[in-house]
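To keep things clear, I will list the structure first and then write my remarks on it.
The values are calculated or read from the model by the stated rules, or taken from the named source; none is laboratory data. These numbers were taken from a predicted model, which means no experiment stands behind them. Reconstructed Cβ throughout: ideal geometry from the backbone, glycine too, with neighbour counts over all protein chains shown. Surface accessibility is based on the protein's heavy atoms, side chains included, excluding ligands, DNA and RNA. Shrake-Rupley method; radii C 1.70, N 1.55, O 1.52, S 1.80 Å.
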Amino acid sequence: MKLFKARFGAAIEDRGRFYRLPETDWDVLLNRDDHEQVLTSMTRHSSRLDIFSPETEALAPIGSQEVWAAGVTYYRSRTARMEESKTTGGDDFYDRVYHAPRPELFFKATSHRVAGPGQQVRIRKDSNWNVPEPELVLVINSLGHIIGYTIGNDMSSRDIEGENPLYLPQAKVYDKCCALGPGILLNESPFDRKAEIHMRIMRNEKIVFEGATDLSHLKRTPEELIEYLFRDNIFPYGCFLLTGTGIVPPDEFSLLAYDEIRITIEPIGTLINTVR
Ligand code: DO4
Ligand code: MG
């Protein structure tokens, strides 16, 4: 089952059919611990939607939740970041955090900084080297339980981060620095560790970057990341946690305005955004 946020409220996809849910508060809905039963019974009283296209009609599946992110959870991210920061002496930090018991966790966004499906993500005005980071996102309720999964883009300014690791919040947090969606795959069973994350970037109808990885390369378990995130934090409405990138385009590549970023993680779906 997948849960979508839409202009008219909430929708559910169950075995290929879409239903419009009775009026519900998104924060309350996300924070539940019993989605399967509640949504199954709700769909019995819901009207069927003949046409609903999640890639373009769904909104970012976020309400009052904060968005957090884990970093350097893939070897590829560790190596790329060591390269970009070696002239300024920051490289050792990335190697150490990759191997350390405590993961890198950082605050990424509030809902107004998040783009939904079909919306624009931004590159910072004061940066010349920008990349998208396609990441599996854990959707977590206030009890610290994973209620589902969605797709995320952790937009990053590599030149700002590379200049000094202490600039990380500026490289990562700005207007429309993050995309989430299209919907939430509800947590019926643990996520398949072989699931592929695929990203394609189009410019003037040509592919300018394409890459893939799979979740078996993720060094940390979702439970370990959540345990650290919830150690001394209360999330009254739950939160979103991006789990890190394993796809980093080559150093010569930077995003440009009007590029289209397409991130697919099956069985969640495809998140499509353009760059502004
Ligand atoms: O250490 C900086 C950020 C790392 C990150 O965002 C990632 O590995 O995905
Ligand atoms: Mg990232």
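Suppose we keep only residues that are hydrophobic (A, V, I, L, M, F, W, C) and touching a Leu at 6+ places or on another chain (Cβ under 7 Å) within region 202-225. Which one would you say is nearest to Ala80 (Cα to Cα)?
Step one: of region 202-225, the residues hydrophobic (A, V, I, L, M, F, W, C) are 202, 207-209, 212, 215, 218, 225.
From what is left, the residues that are touching a Leu at 6+ places or on another chain (Cβ under 7 Å) are 215, 225.
On the way: Leu215: 18, Leu225: 22 Å.
Ranking the candidates gives Leu215 first.
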Count of residues meeting criterion [over 15 Å from Ala70 (Cα atoms), within 11 Å of ligand 1 (Cβ to nearest atom) and of a type in the set (Gly, Ala, Ser)] in region 158-195: 1
Residue identified as part of a loop (DSSP other than H, G, I, E, B) and open to solvent by 10 Å² or more (accessible area, probe 1.4 Å) among Glu252, Glu224, Glu210: Glu252
Failed criterion for Ser189 (all others in (1) buried (at least 18 other Cβ atoms within 10 Å of the Cβ); (2) modelled with pLDDT under 95 hold): (1)
Selection within region 74-91 - open to solvent by 10 Å² or more (accessible area, probe 1.4 Å) and part of a helix (DSSP H, G or I): Tyr75, Arg76, Arg78, Thr79, Arg81, Met82, Glu83, Glu84, Lys86, Thr87, Thr88, Asp91
Those residues of region 151-168 which are of a type in the set (S, T, N, Q) and within 15 Å of ligand 2 (Cβ to nearest atom), in sequence order: Asn153, Ser156, Ser157
In region 66-112, the residues that are of a type in the set (D, E, K, R) and farther than 23 Å from Asp159 by Cβ: Glu66, Arg102
In region 50-72, residue nearest to ligand 1 (Cβ to nearest atom) [restricted to those that are over 17 Å from Trp26 (Cβ atoms) and surrounded by 24 or more Cβ atoms within 10 Å (Cβ to Cβ)]: Gly71
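Looking at Ser64, Ser85, can you tell me which residue is at pLDDT 95 or above and either touching a helix residue (DSSP H, G or I) at 6+ places or on another chain (Cβ under 6 Å) or among the polar types (S, T, N, Q) (or both)?
On the way: Ser85 fails: at pLDDT 95 or above.
The conditions single out Ser64.
Which of the residues that make up region 92-101 are of a type in the set (A, V, I, L, M) and either in contact with a Ser or Thr (Cβ under 9 Å, 6 or more places away or on another chain) or part of a helix (DSSP H, G or I) (or both)? Write out each step before concluding.
Taking region 92-101 as the starting set, the residues that turn out to be of a type in the set (A, V, I, L, M) are 97, 100.
The answer is Val97, and nothing else.
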Qualifying position, being crowded, with 20+ Cβ neighbours inside 10 Å and closer than 17 Å to Val139 by Cβ, among Phe4, Phe18: Phe4
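Please tell me if Tyr237 is aromatic (Phe, Trp, Tyr), within 28 Å of Asp27 (Cβ to Cβ), at pLDDT 95 or above and in contact with a helix residue (DSSP H, G or I) (Cβ under 6 Å, 6 or more places away or on another chain).
Numbers: aromatic (Phe, Trp, Tyr): yes; within 28 Å of Asp27 (Cβ to Cβ): yes; at pLDDT 95 or above: yes; in contact with a helix residue (DSSP H, G or I) (Cβ under 6 Å, 6 or more places away or on another chain): yes.
The answer is yes for Tyr237.
Are any residues in region 123-150 more than 16 Å from Gly71 (Cβ to Cβ) and either in a strand (DSSP E or B) or within 16 Å of ligand 2 (Cβ to nearest atom) (or both), and if so, which ones?
Ile123, Arg124, Ser127, Trp129, Asn130, Val139, Ile140, Ile146, Ile147, Gly148, Tyr149, Thr150, listed by residue number.
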